[in-house]
Amino acid sequence: MSLPRASGPGRLTGYGRLAPVRPSGGSSQIRFGGSPARPRGLWQWARAKDSPLRHVDWMLVTAVLALALIGTLLVWSATQPSLRAAGLNPRTYLEKQLLNVAIGLVLMAAASLASSRQLRLVAPLVYLAACLGLLVVLSPLGTTVNGAHSWISLPGGFQVEPSEFAKIGMILMLALILGDLRDRVPRPGLRELVLALAVGAVPLALVARQPDLGVAVLLLALLVGMIALSGIQLRWLAGLAVAGVVAGLAAWNMHLLKPYQMARLAAFANPSADPRGAGYSAAQAKIAIGSGRMFGQGLFHGQLVSGNFVPEQHTDFIFSVAGEELGFVGAITIIVLLAIVLVRALRIAARADDMFGLLTASGIALWLGVQAFINIGMTIGIAPVTGLPLPFVSYGGSAMFADMLAIGVLLAIHRRRRFFE
């Protein structure tokens, strides 16, 4: 084997076709194709075509962040007078709610990175975990709050409400059953209907056993709504509606509702019958909202809020705090932000690339819409009083975590939109 011959000082004739390696600026980077291989920075990564940030629905995220910010301020305003009067830290609930929002945002970001296959895989696990939590609630580990045995007490004074996670678990499981048809028929049939009813009946029965009328009504609305959106035949849908009416009448005639639930329904039907009893909360909430007028009395300056006249004003009746302190303008701002969330969720559903994504996004929109309507409705007298919080606004860790997880699932579906575009 012969070596290349030298044809001049420092040159080898056998390597004429190879480009020399030249240091640039003292670095040891090698040039491929005429451009240096440089690691992308954070800004370049964010602007890259394949970056997850390019596929985020920023209008949806902005509306959710605005609701969480307004809710945190309202929770602070609603709780600081009573805490200060008791000699406690007036920022206790503020700090807790900020922690809830921060953890919720982390959960939202993690869920948004999931693929459609991963959502399908975790759907049964989330559903089973939620049902297991509902079973634990009915054990001695459960705690009763406001007449509902809905909480699990944890060390350190923390509490978990499994019914909040049952909502998203049931949505994912129903979408899996009604959206992934094994025999590729154009619409769900009797088999899928029976499976969907069985999946919905388990958490519905466990929640009714607590009892939590508000969550039970919401789960029933999710079950019926998602079955209707799946494209099932009208005869099965009509039969389901008739069965629901019969079951409701039977529950009423058999007095299956608890006395306090019956009292709340009676107070809703006739608000003036018991204004100091079952109708007290709703009456005080309407007074608080009306006293705010157009621009409100100012944050931290609500007289009814500072007097704690509205029970549970930092959770179920947080909208009354907004009405009194922020007025009509503030209340409408919250409603508009909630409407933006619902519209973006429906838009994501319409652009989903499969039936699973469409049903999941539609179920989340139905969940947030019905819950917001019931919560706001009970403060202004158009819905009976229930224990449903206002999404992203009311105080509570479990509710905030579940709501943020739902937004993360919407963002994950949004990243995969292709079919209708």
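The values are calculated or read from the model by the stated rules, or taken from the named source; none is laboratory data. Not measured: the values here are computed from a predicted model. Positions of Cβ are backbone-derived with ideal geometry, glycine not excepted, and every protein chain shown enters the neighbour counts. Surface accessibility is based on the protein's heavy atoms, side chains included, excluding ligands, DNA and RNA. Shrake-Rupley method; radii C 1.70, N 1.55, O 1.52, S 1.80 Å.
Side notes on the structure shown:
- From the list SER163, SER153, SER112, the one residue that fits, being over 25 Å from ILE374 (Cα atoms), hydroxyl-bearing (Ser, Thr, Tyr) and either touching a Pro at 6+ places or on another chain (Cβ under 8 Å) or open to solvent by less than 50 Å² (accessible area, probe 1.4 Å) (or both), is SER112.
- Number of residues in the stretch 384-409 that are of a type in the set (A, V, I, L, M, F, W, C), more than 10 Å from the chain's Cα centre (by Cα) and open to solvent by 10 Å² or more (accessible area, probe 1.4 Å) equals 1.
- Test for ALA66: is it without any contact (Cβ under 8 Å) to a residue 60 or more places away in the chain, in a helix (DSSP H, G or I), in contact with a helix residue (DSSP H, G or I) (Cβ under 7 Å, 6 or more places away or on another chain) and among the hydrophobic types (A, V, I, L, M, F, W, C): no
- The stretch 287-311: number of residues that are in contact (Cβ under 8 Å) with a residue 60 or more places away in the chain, part of a loop (DSSP other than H, G, I, E, B) and either in contact with a Cys (Cβ under 8 Å, 6 or more places away or on another chain) or crowded, with 19+ Cβ neighbours inside 10 Å (or both): 1
- Conditions (1) over 26 Å from VAL341 (Cα atoms); (2) assigned to a helix (DSSP H, G or I): number failed by LEU105: (1)
- Just one of the numbered conditions (1) open to solvent by 70 Å² or more (accessible area, probe 1.4 Å); (2) modelled with pLDDT of 75 or more; (3) polar (S, T, N, Q) is not true of SER320: (1).
- Counted residues, the stretch 91-128 - those being of a type in the set (Gly, Ala, Ser) and more than 30 Å from LEU69 (Cβ to Cβ): 3
- Boolean, GLY133 is surrounded by 16 or more Cβ atoms within 10 Å (Cβ to Cβ) and modelled with pLDDT under 95: yes
- Test: residue in the stretch 362-370 that is within 24 Å of GLY214 (Cβ to Cβ), outside any loop (DSSP other than H, G, I, E, B) and open to solvent by 30 Å² or more (accessible area, probe 1.4 Å): yes
- Within the stretch 390-421, the set of residues being touching a Phe, Trp or Tyr at 6+ places or on another chain (Cβ under 8 Å) and farther than 20 Å from ALA110 by Cα comprises LEU390, VAL393, TYR395.
- Counted residues, the stretch 325-356 - those being part of a helix (DSSP H, G or I) and in contact with a His (Cβ under 9 Å, 6 or more places away or on another chain): 4
- Qualifying residues in the stretch 209-238 (those that are open to solvent by 60 Å² or more (accessible area, probe 1.4 Å), touching a residue at least 40 places away in the same chain (Cβ under 8 Å) and hydrophobic (A, V, I, L, M, F, W, C)) - the one farthest from LEU390 (Cα to Cα): TRP236
- Among the candidates LEU390, LEU358, the residue that is in contact (Cβ under 8 Å) with a residue 60 or more places away in the chain and more than 29 Å from ILE232 (Cβ to Cβ) is uniquely LEU390.
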